[in-house]
1. Rounded to whole Å, give me the distance from the Cα center of segment 73-88 to that of segment 127-204.
2. Compute the FRET efficiency between D108 and K150 as 1/(1 + (r/R0)^6), taking r as their Cβ-Cβ distance and R0 = 22 Å, and round to the nearest 0.05.
3. From the C-alpha coordinates alone, can you work out the Kirkwood hydrodynamic radius of segment 88-204, in Å?
4. What is the dipole size for the chain, taken about its Cα centre, with +1 at each Lys and Arg Cβ and -1 at each Asp and Glu Cβ, in debye to the nearest 20?
5. Work out from phi, with θ = phi - 60° and the Karplus expression 6.51 cos²θ - 1.76 cosθ + 1.60, the ³J(HN,Hα) of each residue of segment 133-144, listed in order in whole Hz, and give x for Gly and Pro.
6. Can you give the extra length, in nm with one decimal, that the chain gains between N130 and D85 once fully stretched, where that is 0.36 nm per residue apart less the Cα-Cα distance?
7. If I model a spin label at A78 and T40 as a point 7 Å from the Cα along the Cα→Cβ vector, what separation in nanometres do I get?
8. Mind jotting down a quarter of the surface of the convex hull over the alpha carbons of segment 129-188, in square nanometres, one decimal?
Amino acid sequence: MKSGFFAALVGSVMIVMAIATPVQAQEAVPSWQIIAADSTLEFEGVQMGAPFQGHFKEFGGTIQFDAANLPASKATIAIHVGSADAGSADRDKNLKMKDWFNIDVFPDAHFVTTSFEKGLATNQYVAKGNLTIRDVTLPVVLPFTLEFAKSDSGQSIATIVGETAINRLDFGVGQGQWSDTKSVGNQVKLRIKLKATQVGVGPL
């Protein structure tokens, strides 16, 4: 009886420790606040054979990241697609309409990480996650570099620079006549530069 009791007790303790450990690791991850004025989210496409560039003026999100605790790190980025500036008044107007982002129904796109991995170089990482545009969610891989610095007040500042590419038609962006890739290319490059300051440890 005693041996059975002690075995059960040890088993219970191990279960509690297994449950508690991820929670503790999660709480130890630093939180970072995006500095909007120093951050950019750019895109590049091709229209009628000519490349064009643009950017989203409104985006934000939450980041919890620790290079020493990648399994507990996570990020969620929201992009107001109606803020797209593609360098042309006509192009900007079209992007808001039903065949493109359809901002009246789908005002925001979201990128939510599912995991972080270490890259080959010291400051290289890979964020894997799900990108949702127009209610279509697909996996996206974002390689990025990460640099740390200190502000004049002593706060930790992180700079993230990354680039990836998606196919717009996979997300239903550019329908009807715009689905012809001869007029507008299917591939869109995305470039992100985020500057963020550490604001604490644990969830914001």
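Where a number appears in this text, it was derived from the coordinates with a stated rule and is not lab data. Keep in mind the model is a prediction, meaning the values are calculated, not measured. Ideal geometry is used to build each Cβ from the backbone, glycine not excepted, and the neighbour counts take in all protein chains shown.
1. Their Cα centres are 8 Å away from one another.
2. With R0 = 22 Å, the Cβ-Cβ based efficiency is 0.10.
3. By the Kirkwood definition, the hydrodynamic radius is 16.6 Å.
4. 340
5. 9, 6, 6, 10, 10, 9, x, 9, 10, 10, x, 8
6. Result for the pair: 13.8 nm of gain on full extension.
7. Placing both labels 7 Å beyond Cα along the Cβ direction yields 2.5 nm.
8. 6.0
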